[in-house]
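Novice: Handing you this structure, nothing more for now.
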Amino acid sequence: MRWKEKKKWVAALLLPGLLFSFVVPAQAGQHEIQKEEVVYANLYGDGSVDTIYVVNSFLLNEDGQIIDYGDYSSLRNMTSMEELQFKNQQVIVDAKAGRLYYEGILNDDTLPWDFSIQYWLDGKHLTAEELAGQTGHLQIDVSIVQNKECNPLFFENYALQVSMQLDTSLCRNIRAEEATLASVGRNKQLTWTILPGKDSYLSVSADVTDFEMEQISLNGITLSMALDLNEEQYGAMTEQMNQITDAAVQFDDGTLELFHGMEKLYEGSVELTDYMHQLRDGIGEASDGAVELRDGLAELKNGTISLQKGVMDAKDGAHQLKDGTVELSDGAEQLYEGAGELLEGVETLHEGVEKLDMYLQKLDTVIAQMEESLEALTNAAEQDEKLNRLFGIIGEVTTRIDWDYILQDYEVEIETLKTSIAELKQTREEVVLLYDELLQLEKGTAQLLEGAEKLYDGTAELKEGTMQLSDGTASLYEGLVELEDGTSELVDGTVSLLDGSIALADGLVELKNGSAELCDGAITLEDGIITLEDGLIQMQSGTMEFRNKTANLDRKLIDELRAGVDELFGNGDEIESFVSDKNENVQAVQFVIRTPSIEIPDDAELDGNTEKKLSFWQKLLRLFGIEWE
């Protein structure tokens, strides 16, 4: 049976029987169920209410069903594992004969009294927390007035017993008007009894050093109880009963802390088991992912090897491209030089055509001059022929002149000149033909010149481009060489990574197996806590039996005393339930009210270096190997 099914079992019950036994239960029929209520209230340091919880006690003559009422936020059965049914503020439980205890935390925090506690140190108002460890003149003012929002029955019929203890090693010159002072060891106990229906203002002063103080205790009891407890002859017994009551409260608080801790421990172990399962599942998923990673890296390895081969092929191609660009650069250089020579030749041709045109002009001039000379020679020959006749006549008379030689000389020159003119004309015709052809050629060379200029400019750009291309292919080749080295490193890296992924996969398999064992260990821990819980339940039975037997020893004496007091003072007004006016046959209601102690924080709380002082329950759990905060 797991903790949540058994958590309403409590390790030990408090000893409310000792408190309830202050009032003699009213006589009831054989089948009447008698009820008693002890109202526990925890106050803050300033007197405001923190929590109110009620321990309800029922006395059954035989097995039966209990129906009770109350506005509770939570319940717990303090006697057995019997389920408490709670709905619409109604509590139903099937109980065995004897006493049944259950505890309920009230939603309403209203008490019959309003408490106000103020602390003054050297005239300065401090909170209870600020007062811890202080030194100076202390004054504590306690105001107790009626709470108009609560049923006035309790304020008008219940007396308050206020108790405060001051450590005389820390407090001197203690003053408290209307208080009864008693020495309890090194403590000075101050007690006030406030009669029903009375507002009260209490004041305590003292000179304090490193001040600390135990809780202020306020017990609400019926008038007959107040008179009873104020009798001097019962003072020692009252003090012992208060000590037993305080011990019972501490015992109950310790039991609650123990079982709350056990509940948290069990819940933590369940969460741990769930986390272990999640861890195991997560490691399994990680293991599967590692296998996929290993397969992917194997593919990556093959891809990097292919990449390496491709880079090597690219490097060879880049080397060939580099050689081709060198040749292209050389060809572009030659083309550039040929284009320059062509451009120069076209310019030379153009100059030759211009010179040839000038030569034709000069040739025409020479031919014209030679024709004029021929005409002049021809005319001169004709003239000489006439003169020859004339001089022949005269020569016959005078001296003979060799006119034939002269005439023959003219003829030779004329023929020679004619021949030269004919040759020059022939030459001119040939030059004209050449000129015409050169003109045609020049017309073509005009376009050729334009193209040669563009070709020259283009070859210059081509030359520059091929140089850049050559440089680029050289850089490309160098980059491919580096890329080849990088791909080699990449191949080596993927191989190492593949080996690591294989090792990772193997390690995750081992981790998965270990997490499965860890899950088994968490389950074993959970079962061990359940076993410890069973042992604590057995301890509950023993402590419960001890409580019942010891409570019965005091009950007889207290009942006898109460009977005598009742004969003298009576029971006052009819007792009503504090929890709900629907509850009937209520035999007793008592209030146990406490403030928190004023304590200097432990060294562990201040600096975290000193080991925290362990409570009784923490020491007990350590015997079972359990650490509980």
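Conditions (1) of a type outside the set (D, E, K, R); (2) modelled with pLDDT of 80 or more; (3) crowded, with 16+ Cβ neighbours inside 10 Å, marked per residue:
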residue	(1), (2), (3)
Asp281	no, yes, no
Asp295	no, yes, no
Leu300	yes, yes, yes
Gly303	yes, yes, no
Gln308	yes, no, yes
Lys315	no, no, yes
Ala318	yes, no, yes
Leu321	yes, no, yes
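Novice: Being in contact with a Gly (Cβ under 7 Å, 6 or more places away or on another chain) and either modelled with pLDDT of 95 or more or assigned to a strand (DSSP E or B) (or both): is that true of Leu59 here?
Specialist: Working: in contact with a Gly (Cβ under 7 Å, 6 or more places away or on another chain): no; either modelled with pLDDT of 95 or more or assigned to a strand (DSSP E or B) (or both): yes.
No.
Novice: Take Gly136 and decide whether it is small (Gly, Ala, Ser) and at pLDDT below 95.
Specialist: no
Novice: Identify all residues within the stretch 82-97 that are outside any strand (DSSP E or B) and under 17 Å from Ile52 (Cβ atoms); write none if there are none.
Specialist: The answer is Gln89, and nothing else.
Novice: Considering the stretch 368-388 alone, what residues qualify as being modelled with pLDDT under 80 and either at positive phi or among the aliphatic types (A, V, I, L, M) (or both)?
Specialist: Met370, Leu374, Ala376, Leu377, Ala380, Ala381, Leu387, listed by residue number.
Novice: Can I ask one more? Picking from Leu335, Leu328, Leu349, which residue would you name as being farther than 22 Å from Ala460 by Cβ and either part of a helix (DSSP H, G or I) or free of Cβ contacts under 8 Å to residues at least 40 places away in the same chain (or both)?
Specialist: Leu349
Rundown of residues vs (1) at pLDDT below 95; (2) of a type outside the set (A, V, I, L, M, F, W, C), yes/no style:
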{"residue": "Asp141", "(1), (2)": "no, yes"}
{"residue": "Asn151", "(1), (2)": "yes, yes"}
{"residue": "Leu195", "(1), (2)": "yes, no"}
{"residue": "Glu232", "(1), (2)": "yes, yes"}
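Novice: Moving on. I'm trying to understand the selection: among the residues of the stretch 98-151, which are in a loop (DSSP other than H, G, I, E, B), in contact (Cβ under 8 Å) with a residue 60 or more places away in the chain and either crowded, with 19+ Cβ neighbours inside 10 Å or more than 44 Å from the chain's Cα centre (by Cα) (or both)?
Specialist: Passing the criteria: Thr110, Leu111, Pro112, Gln134, Thr135, Asn151.
Novice: Pick from Glu464, Glu429, Glu437: which is of a type in the set (D, E, K, R), at pLDDT 80 or above and part of a helix (DSSP H, G or I)?
Specialist: Glu429
Novice: From the list Ser496, Ser470, Ser515, pick out the single residue that is out of contact with any strand residue (DSSP E or B) (no Cβ under 7 Å at 6 or more places or on another chain), of a type in the set (Ser, Thr, Tyr), in a helix (DSSP H, G or I) and at pLDDT 80 or above.
Specialist: Ser496
Novice: Which number in (1) in contact with an Asp or Glu (Cβ under 6 Å, 6 or more places away or on another chain); (2) at pLDDT 95 or above; (3) among the small types (Gly, Ala, Ser) marks the one condition that Ser205 misses?
Specialist: Only one criterion in (1) in contact with an Asp or Glu (Cβ under 6 Å, 6 or more places away or on another chain); (2) at pLDDT 95 or above; (3) among the small types (Gly, Ala, Ser) is unmet by Ser205, namely (1).
Novice: Let me ask something else about it. For the stretch 152-172, does any single residue satisfy the condition of being assigned to a strand (DSSP E or B), polar (S, T, N, Q) and farther than 18 Å from Glu212 by Cβ? Don't jump to the end; show me each part of the working.
Specialist: Start the filter on the stretch 152-172 by keeping residues that are assigned to a strand (DSSP E or B), which leaves 158-167, 171-172.
After this cut, where a residue has to be polar (S, T, N, Q) as well, the list is 161, 163, 165.
Remaining after also requiring farther than 18 Å from Glu212 by Cβ: 161.
Within the stretch 152-172, one or more residues are assigned to a strand (DSSP E or B), polar (S, T, N, Q) and farther than 18 Å from Glu212 by Cβ.
Novice: Residues Ala95, Ala128, Ala132: which one is in contact with a strand residue (DSSP E or B) (Cβ under 9 Å, 6 or more places away or on another chain) and over 24 Å from Asp210 (Cα atoms)?
Specialist: Ala95
Novice: Starting from the stretch 422-435, keep only residues that are of a type in the set (Val, Ile, Thr), then list their pairs with residues that are in a helix (DSSP H, G or I) whose Cβ atoms are within a distance under 8 Å, requiring at least 6 positions of separation or different chains.
Specialist: From the stretch 422-435, the pairs are Thr427/Leu363; Val431/Leu356; Val431/Tyr359; Val431/Leu360; Val431/Leu363; Val432/Leu360.
Novice: Leu166: of a type outside the set (Lys, Arg) and more than 56 Å from the chain's Cα centre (by Cα), yes or no? Full working, then the answer.
Specialist: Working: of a type outside the set (Lys, Arg): yes; more than 56 Å from the chain's Cα centre (by Cα): no.
No, not satisfied.
Novice: Something else now. Within the set of pairs 6 or more residues apart or between chains, which connect a residue that is touching a residue at least 60 places away in the same chain (Cβ under 8 Å) inside the stretch 163-188 to a residue that is of a type outside the set (Ser, Thr, Tyr) with Cβ atoms less than 9 Å apart?
Specialist: Hits for this filter: Ser163/Gln189; Ser163/Leu190; Ser163/Trp192; Ser163/Ile216; Ser163/Leu218; Ser163/Asn219; Ser163/Asn242.
Novice: Something else now. Please state which one of Gln89, Gln85 is modelled with pLDDT under 95 and on the phi > 0 side of the Ramachandran plot.
Specialist: Of Gln89, Gln85, the one residue that is modelled with pLDDT under 95 and on the phi > 0 side of the Ramachandran plot is Gln89.
The values are calculated or read from the model by the stated rules, or taken from the named source; none is laboratory data. Since this is a predicted model, take the numbers as computed values, not measurements. Glycine gets a Cβ as well: all are built from the backbone with ideal geometry, and neighbour counts include every protein chain shown.
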